[in-house]
Amino acid sequence: MPKLDIPAPVPDEKDPHEDEPVVEKDLGELYRKVGAATVVIRVPGSVGSGSIIDPAGIVLTNHHVIDGGDREGLRIKANVTLGQWSEELQAFEPQEKTLQAYVLKVDLDHDLALLKLVDPPADLPFLKISEKPPYPGQRVAAVGHAGAGLLWALKGGEVSSTGKLAGHTDLAQGDAQGYQKEHLAKLKAQMDKQGRVVQSTAKILPGDS
């Protein structure tokens, strides 16, 4: 019987482009990190939340939070309060000093705004925006200042869906007629501007914006 030379199996090589597994942090650890870079933003008639995304004092928030702020020339002003860790409370509380910020840029379609602190303190904590997209089932949490609760409150949950808001509208357009079809087309165009959105089970309340 002829002898067959069968090569030994070669272990699978890791694809260098394959993403590393996502390691989900303990929510307490996450709170300490995210809370340090979470601020309170106040303008006349509005209070919201913001995240410091650059140590130079760049703050990301929603446009509707600062839309009613006082104008100084062409610039919108806002008051920003940083947090400080309390060993007694084991939570963040507001610092006494209030910082001033001006709006750098807005994106009305996505309801976003960037603020710049006038005199940012040294060693300012900041958050790095993730380069990886979220996925359904991934654990997430929100840290913010909902008017119905305490400041720097943590709300946990998970990503329930990602996609475009216009999904249901696309399905409804097929059966619509006349004015309803025209209305749905306008609604779809408005939703498409917002691009991809993330839906989660974290309980977001007014003030968490």
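The values are calculated or read from the model by the stated rules, or taken from the named source; none is laboratory data. Note that the coordinates shown come from a computational prediction; the quantities given were computed from them, not determined experimentally. When we count neighbours, we look across all protein chains shown, and the Cβ atoms used for this are built from the backbone with ideal geometry, even at glycine. These area figures cover heavy atoms from the full protein model, side chains too; ligands, DNA and RNA do not enter into them. Shrake-Rupley method; radii C 1.70, N 1.55, O 1.52, S 1.80 Å.
So, in Å, what gap is there between the alpha-carbon centers of the stretch 34-52 and the stretch 56-97?
Cα centroid of the stretch 34-52 versus Cα centroid of the stretch 56-97: 4 Å apart.
Run the numbers on the stretch 59-144 and let me know its relative contact order in percent, using alpha-carbon pairs under 8 Å that are six or more apart.
Values: 107 pairs, mean separation 22.8, N = 86.
Relative contact order here is 27 percent.
For the stretch 83-152, report the translational diffusion coefficient in µm²/s to the nearest whole number, using Stokes-Einstein at 4 °C, 1.567 mPa s, and a Kirkwood Rh over Cα pairs. Walk me through the numbers on the way to the answer.
Numbers: Rh = 15.6 Å.
Answer from the Stokes-Einstein relation: 83 µm²/s.
Return the distance in nm (one decimal) between the two label points of a simple spin-label model at Q90 and S130, each offset 7 Å from Cα along Cα→Cβ.
Taking the simple label geometry, Q90 and S130 are separated by 2.6 nm.
Could you pull the accessible area for Y31 with a 1.4 Å probe, rounded to 10 Å²?
30
Hey, got the dipole for the stretch 31-176? About the Cα centre, +1 on K and R Cβ, -1 on D and E Cβ, debye to the nearest 20?
In total the dipole reaches around 160 debye.
Find out how many positive minus negative residues lie around I76, taking Lys and Arg as positive, Asp and Glu as negative, among other residues whose Cβ is under 13 Å from that of I76.
+3
Lys and Arg at +1, Asp and Glu at -1: add these up for the other residues within a Cβ distance under 14 Å of S86 and post the number.
Neighbourhood net charge equals -3.
May I ask for the net charge around H63, where only other residues with Cβ less than 13 Å from the Cβ of H63 are counted and Lys, Arg are +1 while Asp, Glu are -1? Don't jump to the answer; show the numbers that get you there.
Numbers: positive: K105; negative: D67, D107, D109, D111.
For residues surrounding H63, the net value is -3.
If you count, for each residue, the other Cβ atoms within 10 Å and average over each peptide, how do 46-52, 67-73 line up from highest to lowest?
Numbers: 46-52: 21.6, 67-73: 12.3.
Sorting 46-52, 67-73 by mean packing, highest first, produces 46-52, 67-73.
Step through the table entries K105/K164; K33/K164; K105/K132; K97/K155; K105/K155; K132/K164, compare each Cα-Cα distance with 21 Å, and write down the pairs that go over it. Write down the numbers at each step before the final one.
On the way: K105/K164 24 Å; K33/K164 30 Å; K105/K132 24 Å; K97/K155 26 Å; K105/K155 28 Å; K132/K164 18 Å.
Table pairs above 21 Å Cα-Cα are K105/K164; K33/K164; K105/K132; K97/K155; K105/K155.
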